[in-house]
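All remarks here apply to the structure that follows.
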Amino acid sequence: MRVVVQGRGGCSRPGGLARVLWAAAELTVTVGVLLLLLVVHQVWWTNRQAAAAAVRRVAALEEAWAAAPGPGPGAAAQPEASAEPSPEPSGPAPPTAPAPAPSEAGGAGGAADRPRDGAAYGVLRIPRLGVAVPVARGVDKRSVLDKGYAGHYPGTAEPGAQGNFALAGHRNTHGEPFRYVNRLRPGDELVVEVRGRRYTYTVDRILPETAPRDTGVIAPVPRSAVRPGYGYTEPGAYITLTTCTPEYSSRYRLVVWGVLAGNRSGGRGVVGTAG
């Protein structure tokens, strides 16, 4: 008997709907891999690059100071070439409103001696955290903060001067120099070195959380405009560190205040507590 087999042998080709679903699945996997690579680049690679570059910049500044110590903190110390900063400060760390008016000059030189915006001119050391980070003028994201630097807010005091020497820095990615500033406690040292001169501040108060618009924290006499129970009431020589909080978010700002060693004239009428 002869058996007749109808139809084609083997597996049939998928229909139109199956081909669409297969293509969608491939596209989803591809997009997922690309997003993963982007996250790795942003969180890991750019972080390593910025941190390594910041270490090299600190070493270059120290070498320049050792070779030719200068007269004061306002003078530039072999500043590196810098990209032209944006007209307005950007990035997650600084408050979004304009900075306050300049405070009195103390340890700084004249305006003609000051390095240009984006140029690293000093080093901030935080011994408790093992941090040594370049300090540059301005808080522009691209030309300062994303390099792993601490940005010196325009219009705030010079290191060692009366008034408020205010700095911004990334807490996550791009070197993340301020990642663990939440671990600082009253009495910890913040050391600023500029062209052979050293200014030691002592951590005094911490504001765990405030709004990005709270520019009172970087005023000459720093006091939160959002949470007025935090800050000072009298003139003094202050340092302010600002960064984002919570981690991997720019919703709020974390603020650390210190006072210049030997200059504790800050008002005690306002209570600032550790976070």
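Summary of computed values
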| quantity | calculated |
| --- | --- |
| Residues of region 184-196 classified as surrounded by 18 or more Cβ atoms within 10 Å (Cβ to Cβ) and closer than 18 Å to Y121 by Cα, total | 5 |
| Count of residues meeting criterion [over 19 Å from T200 (Cβ atoms), assigned to a strand (DSSP E or B) and small (G, A, S)] in region 129-170 | 3 |
| Criterion violated by Y121 - all others in (1) modelled with pLDDT under 95; (2) in contact with a Pro (Cβ under 8 Å, 6 or more places away or on another chain); (3) not in a loop (DSSP other than H, G, I, E, B) satisfied | (1) |
| Residues satisfying the stated conditions in region 124-158, i.e. modelled with pLDDT of 95 or more, surrounded by fewer than 21 Cβ atoms within 10 Å (Cβ to Cβ) and of a type in the set (D, E, K, R) | R125, R128 |
| Residue check for L21: within 30 Å of V191 (Cα to Cα) and either modelled with pLDDT of 65 or more or more than 24 Å from the chain's Cα centre (by Cα) (or both) | no |
| Checklist (1) crowded, with 24+ Cβ neighbours inside 10 Å; (2) modelled with pLDDT of 95 or more applied to A161, failing item | (1) |
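Residues checked against (1) in a strand (DSSP E or B); (2) touching a residue at least 24 places away in the same chain (Cβ under 8 Å); (3) surrounded by fewer than 23 Cβ atoms within 10 Å (Cβ to Cβ); (4) at negative phi:
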| position | (1), (2), (3), (4) |
| --- | --- |
| N172 | no, yes, yes, yes |
| P177 | no, yes, no, yes |
| N182 | no, yes, yes, yes |
| V203 | yes, yes, yes, yes |
| P208 | yes, yes, yes, yes |
| V221 | no, yes, yes, yes |
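The values are calculated or read from the model by the stated rules, or taken from the named source; none is laboratory data. Because the structure is predicted, anything quoted here is derived from the model rather than measured. Cβ: placed from backbone, ideal geometry, glycine included. Neighbour counts: every protein chain shown.
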